[in-house]
Ligand SMILES: Nc1ncnc2c1ncn2[C@@H]1O[C@H](COP(=O)(O)OP(=O)(O)OP(=O)(O)O)[C@@H](O)[C@H]1O
Ligand SMILES: [Mg+2]
C-alpha cells in the first residue's frame, strides 16, 4: 500500500518534470508514462497475490501520480506558461486535460496490475497487449496534442537498437567496445553509397540505387565484416587493450570519412583512380532514399509515423532473435567466457572465435542501425558519429543493467530522452523566459545558460556514479548484481581471486 | 591401438629461470586411475596445465590417443577428449548449475548461428538432448534435481566440486584430470568422492588422472602413483611400492627424517603416516 | 633451480601467427606507394626532414611526459587511467589562467619571471597531482577488486566530467544575471538530491525506509522553492551581480583560453638557430624541462625507498602488503606523480602554444597511451622512448602525409604494435592474464 503510494509519488515527479518543461497538453503524455510506471512497478509487483491487490495497487499508484499531475498542470499554467510566452489555456482546459491525464494514469495502472494476475501465460500476453497498445497509440497521441517528440523518440529507438547490439558485446561477452559508433558510421555510409545518387554524380554515371530493404542488410554485413577485420588481430589481446583499439577505431573511422573527400590513387605519376570526392568530406552525403512500401509514405518528413512503426517492428524482431541467442549454445559460451575465460576455453570453447562472433554480431547491429539512421535523417555526416555516440550507447547499456534487455531499453529511453528532449527543452524554456522578459535584466541573463553544454559532464557523472553506487544498473539482471558488487562477494569468491595466480596465466592464448 | 591414453616424454617447463617441470616421462595406461603426488610447488598443476594446453611445454612430446597435442589450444585439447577440473574451483559463478554443465557440452553440440536464429528442428532437438544429458550428469555426480537451477556460486563448497566434475564429464572426455578434488572436504565427503571417481572409471570407462594430497585417497584407488618433487619425477609405480620409497619419504619429510624413518614436522608427518597406515 | 639432467632441449614448434603475418604483408603492400612517395620527398629536401625531426622531438618529449602518467598508474593497478589526458588539459588551463591573472609576459624581467614561473609550475603540478589523487580516491578505489570493466568505465566517466570542466573553464558563458534565478534552478535539484541521501541514510540505519510523507514534504518544498525563485526573479529582485567566469581571461566565445601573453620569448625574438633548422627558445625550454622531469622521475623510482615500494607494489600487491608497504599510499603516490607530470606537461604546452582547448586532453591522451603501449606499458623507460617515437612519427606524418591523417597514422601504429608485439618495445613478454 505505502509502496504503491511511494511509486505513485515517484512517477508523479517524473510527470511534473514533463509538464513543467512542455506545458500545453503534455499532461496526457505524462499520464501515459505515469500509468506505465504505476502499473509495471506497483500493480504488477504487489505483495498481495490476488488480482484485486494488483488492481488496487496499480490504481492507487496511478491515482497518486494523477493527483500530482493535475496539481502541477495547474501550477505550471499559473506560473510558468505566461513567463515563457506561451498562450494561456482556459481554466476549463487546464482542468480537463489534467483530469484526463490522471485518468489515463489510473486506468493504465489498474489494467497492468490486473493483467499481471491473470492465470498462466495469459498474464504475459495481456501485459504485452497493453504495452503494445500504448506503443501503438503513442504516435497518434503525439500528433494530436502536438507534442513533437516523435522524431526524437525515433532517434532514441535507433540508439536502443544500438544498445541492444552493444549489450551482446559488453553485457553477454564482457568485451568493452568503445568504438561502437564506427560501425554505426559504416552502416550509414554504406547506405549513403548504395542508395543515393552521390557516387554516380561524382563519377558521371547513373548508379543503380539499391532498395532500402536490401541496404540495411548489406550495411549490417559490411559493419560485421569490419568488425571481423578489426577484431581478428585484436581480440586475442587482453580486455583493456581491446577497449583502446576500439576507441582508436572509433576515432579514425569518422576521420577517414571526413578526409576521403580527395580520394585517388596515383603511382609513379600515373593516375590509377582519378582523384574525386568519395565521401563528401565534412558535408557528408545526402539525400539517401527512404524506404518504399506500398501504402506507406516514408518520404514525407512531416509525418514520421511509418518510420516509428517500422523501427518498433525491427526492435521487437531483434529482441526476439537476441533471446534465442541467449538461451543457446552460443549465448552460454559468451557468458561462460565473460565469467572465466580460462575455464571456458578448458571446456572446449574457442575463445577467439567466440569473441569474434560476439564482436561482429554487435557490429552488425550497429551497421543495421546506421543504415536505418542514414535513411531516417536522409544523409550520412561525419559529425554524427563521434566518440560521444559510443559513450552514450555504453551509458544506456550500463544505466539499465548490463546483460539485461528490459534494462537496456529503459536505460536507453532515459538517456536518449534526457539528452535529446529534456536538456534541449530546458535550454529552450530558459531562453524563451529570457526573451519574453528582455526588459528584466535578471531574467534576460538566463539566455546564456545552456544546460546542453553540460551533457558530456552529465554522462560522465552517470557513468562514475553508476559504477560507484549501482554497478548492476537500474534494472539489474539478478546474475550481474552480485558479480559487480565485488566487495560484497562471497568469501569463497574473494579467496579464489587471490589464489588464482598460477592457474590464470595462460600462454596458449598469447602464442 | 596403443595401450596408453597419454604418453609424455621429456617434458620440461621453465618459467624464466625457474624449472617447474624437469624432464618428466609419464604414461597413463587406458582405463586406469593414476595419481600424481608431490609436495607443494612440485609442478603437478603445471603438468596438468601442459596437458590441457594452458601452458606450452618448453620441450618434450605429449601424445594423447596416438596424436601429438603439444601446441594445441585448450579448446582443441578438450575436443580431443581431455576434461579437467581446477585446483581452485573455477565454475561460471553467475550461471546456474545446469548452464555450467551445458557449457561443458559446448564442443559436443553442433548448433551454429544460423540454426540458432532460425531454431531449426535439429537445433531444438539437440538442445533438448543436451539438457537431459546435463541433468543426468548432475545426478550422476550426486547433485539432485532441486539444485539444477541454483546459481553455481550459491552452492555449498562440496557441491561446487561435484559440479566441476559434472562439467568436466560433460565434455565427454576419454581422460579426466582432477586437480585435488577432495581438498577442503570432510572425511565423509571424501569417501563419497572416492566412490564417484571409481564409478567414473568403471561405469563410464573414463581414464582418470588425479592430483591429490590425501594419501588415503591416493593409496586407496590408484593403480599407479607418480611422485614429483622440485619438478622432477622421483618415483613411480604401485602405491605400495611408492609408499615405501626412500626418496619419497625424504621429499615429504626432509633428509634427516628419511634416515631415521620417522620424525619430521606436524602436518606432513601425518600425511605420510596416514599413507603408511593403510 | 638449475637444470641438472642434461636433456636435449627440443624447442617446441610454436604456432606461427599466420594471420598477423598476412596482415603485415598486406599493410606493407597497401602503403608501399605512400612509403615510396615519402622517400622521394625526403631525398628532395633533406633539410626539411631535419626540421621536422626537431618538431617531432619537441612534441615527443611532451607526449613522453604524459605517457609516464599512464604507465605509472597502469604499472601499479593495471588500469588505463582514461582521465589522465584530461588532467593534462586542466594543467594547461590552470597555467594559462595563472599566467594571465599574474599578468606576466616577456616584458617582465627574468629575475621575477623565473621564480614566478617556477611557482606556477609548483602550483600546477600540485593541483593536477591533487586532482588525480582525488579521482583515485573517489572514483577508482572502491572498484579495485571489481571486474576490470568497472574501473575502466568509471575512468571514462571521469574523463568526460573533466572535459566538461575544461569546456566551462574555457569561457563558455555560464550564466549572466541574477543569482536568484540560478538558485531557483538549482535549489530543487539540491533538495531532491539531499532527500535521496537522507533516504539512503534511513535505509542504512535500520529497516525503516523514508516514509512517503517525507517524500511529499520534500517535493513540496522543492516545488515551492522553484516557484518562489522564479517569482522572485520574475518580479525583478534586482540584486544582480552578474556571474560570469573570467571573460577577460578566456575570451568571449572560444572554448579555450586565448590572448594569453608569451612568457618565454616574444614572437619577434630571434631564434637560437636558423640553420640548418629553426630552433627557438621555446623549443629549448620544452626539451630542458622534459629532460629534467624525466630524469628526476627515473631517479626517484629507481633510487628512493618510496620508489622501490612502488616497484614492489607493481610486482605483486599482496606480497608488498605483507612486506609492510602501505599499498593504498603507494597507489595514491603513483597517481600523484602521474598527475603532477601531466600538469607539468600541460604547463609546458600552455607556455609553448599560449592556448588550450578542452578536447586537447583526449587527443593527447590517445597519443600518449599509444606511446606507453609502444614502449611497453608499465615500463618507465619504455614510455619515454615510446613518446619520442610517436612524436617523431606524427611530425613526419604531419609533413609528409597530411596533418589530418596523423591521428589515423598513430592509431594504425597502435594496432600494429598490439598485434605484433603486445608487450611493447621494452616490455618483457609477460604473457597474458585471463
Ligand atoms: N605461470 C607461472 N609463472 C611462474 N611460475 C609458475 C607459474 N606456474 C607455476 N609456477 C611455479 O612452478 C612451480 C610449480 O607449481 P605448481 O602449481 O605446478 O605446483 P603444484 O605441484 O601444483 O603445487 P600445489 O600442491 O601447491 O598445488 C611453483 O614453484 C610455482 O611457483
Ligand atoms: Mg597445484
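The values are calculated or read from the model by the stated rules, or taken from the named source; none is laboratory data. Every value quoted in this text rests on a predicted model; they were computed, and no experiment measured them. Methodologically, a virtual Cβ is constructed for each residue, glycine included, from the backbone with ideal geometry; neighbour enumeration extends over all protein chains shown.
Some notes on this structure:
- Residue within the stretch B:9-22 that is farther than 21 Å from residue B:224 by Cβ and not in a strand (DSSP E or B) present: yes
- Among the residues listed as C:158, C:133, the single one being at the interface with another protein chain (Cβ under 9 Å from one of its Cβ atoms), within 17 Å of residue C:336 (Cβ to Cβ), within 15 Å of the chain's Cα centre (by Cα) and in contact (Cβ under 8 Å) with a residue 60 or more places away in the chain: C:158
- Residue in the stretch C:73-83 that is in contact with a strand residue (DSSP E or B) (Cβ under 6 Å, 6 or more places away or on another chain) and either loosely packed, with under 13 Cβ neighbours inside 10 Å or at pLDDT below 90 (or both) present: no
- Condition check for residue C:55: modelled with pLDDT of 90 or more and within 14 Å of chain A (Cβ to nearest Cβ): no
Residue-wise test of (1) touching a helix residue (DSSP H, G or I) at 6+ places or on another chain (Cβ under 6 Å); (2) surrounded by 19 or more Cβ atoms within 10 Å (Cβ to Cβ); (3) more than 30 Å from residue C:424 (Cβ to Cβ).
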residue	(1), (2), (3)
A:248	yes, yes, no
A:255	yes, no, no
A:262	no, no, yes
A:265	no, no, yes
A:271	no, no, yes
A:276	yes, no, yes
A:279	yes, yes, yes
A:283	no, no, yes
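- Helices (runs of 4 or more DSSP H) contained in the stretch A:318-437 and holding at least 1 residues touching a strand residue (DSSP E or B) at 6+ places or on another chain (Cβ under 8 Å): A:341-346, A:351-377
- Pairs where the first residue, in the stretch B:43-54, is more than 10 Å from every other protein chain (Cβ to nearest Cβ) and touching a residue at least 40 places away in the same chain (Cβ under 8 Å) and the second is more than 13 Å from ligand 2 (Cβ to nearest atom) and in a helix (DSSP H, G or I), C-beta under 8 Å, 6+ apart: B:51/B:77
- Residue satisfying condition, being at pLDDT below 90 and more than 11 Å from chain A (Cβ to nearest Cβ), within set B:10, B:16: B:16
- Selection of helices (runs of 4 or more DSSP H) fully inside the stretch B:39-132 by the criterion of at least 3 residues being away from ligand 2 (no atom under 16 Å from the Cβ) returns B:74-80, B:97-104, B:113-118.
This table checks each residue for (1) within 29 Å of residue C:110 (Cα to Cα); (2) part of a loop (DSSP other than H, G, I, E, B).
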| residue | (1), (2) |
| --- | --- |
| C:266 | yes, yes |
| C:277 | yes, yes |
| C:286 | yes, no |
| C:291 | yes, no |
| C:297 | yes, no |
| C:308 | no, no |
| C:313 | no, no |
| C:320 | no, no |
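- Subset tally (residues that are outside any helix (DSSP H, G or I) and either touching a residue at least 24 places away in the same chain (Cβ under 8 Å) or crowded, with 20+ Cβ neighbours inside 10 Å (or both)) for the stretch C:383-415: 1
- Test: residue in the stretch A:404-418 that is at the interface with another protein chain (Cβ under 9 Å from one of its Cβ atoms) and either at pLDDT below 85 or within 16 Å of ligand 2 (Cβ to nearest atom) (or both): no
- Every listed requirement among (1) within 10 Å of chain A (Cβ to nearest Cβ); (2) more than 13 Å from residue B:172 (Cβ to Cβ) is met by residue B:106 save one, (2).
- Residue B:185 falls short on exactly one of the conditions (1) assigned to a loop (DSSP other than H, G, I, E, B); (2) touching a helix residue (DSSP H, G or I) at 6+ places or on another chain (Cβ under 7 Å); (3) at pLDDT 90 or above, and that condition is (3).
- Hits in the stretch B:150-179 - residues which are away from ligand 2 (no atom under 16 Å from the Cβ), more than 12 Å from residue B:134 (Cα to Cα) and not in a helix (DSSP H, G or I): B:150, B:151, B:155, B:156, B:173, B:174, B:175, B:176
- A single entry from C:105, C:114 fulfils the requirement of being more than 7 Å from every other protein chain (Cβ to nearest Cβ) and outside any helix (DSSP H, G or I): C:105.
- The stretch B:170-197, subset within 24 Å of residue B:108 (Cα to Cα) and away from every other protein chain (no Cβ under 14 Å), residue farthest from ligand 1 (Cβ to nearest atom): B:196
- If you go through the stretch C:380-424 and pick out every residue that is over 22 Å from residue C:38 (Cβ atoms) and at pLDDT below 85, you end up with 6.
- Total residues in the stretch A:215-266, condition more than 10 Å from chain C (Cβ to nearest Cβ), more than 23 Å from the chain's Cα centre (by Cα) and either closer than 21 Å to residue C:366 by Cα or in a helix (DSSP H, G or I) (or both): 5
- Scanning the stretch A:363-388 for residues being at pLDDT 90 or above and within 14 Å of chain C (Cβ to nearest Cβ) gives a total of 1.
- All conditions in (1) in contact (Cβ under 8 Å) with a residue 60 or more places away in the chain; (2) surrounded by fewer than 18 Cβ atoms within 10 Å (Cβ to Cβ) hold for residue A:311, with the sole exception of (2).
- Residues in the stretch B:204-229 that are closer than 16 Å to residue B:30 by Cβ and away from ligand 1 (no atom under 16 Å from the Cβ) were compared, and the one that is surrounded by the fewest Cβ atoms within 10 Å (Cβ to Cβ) is B:205.
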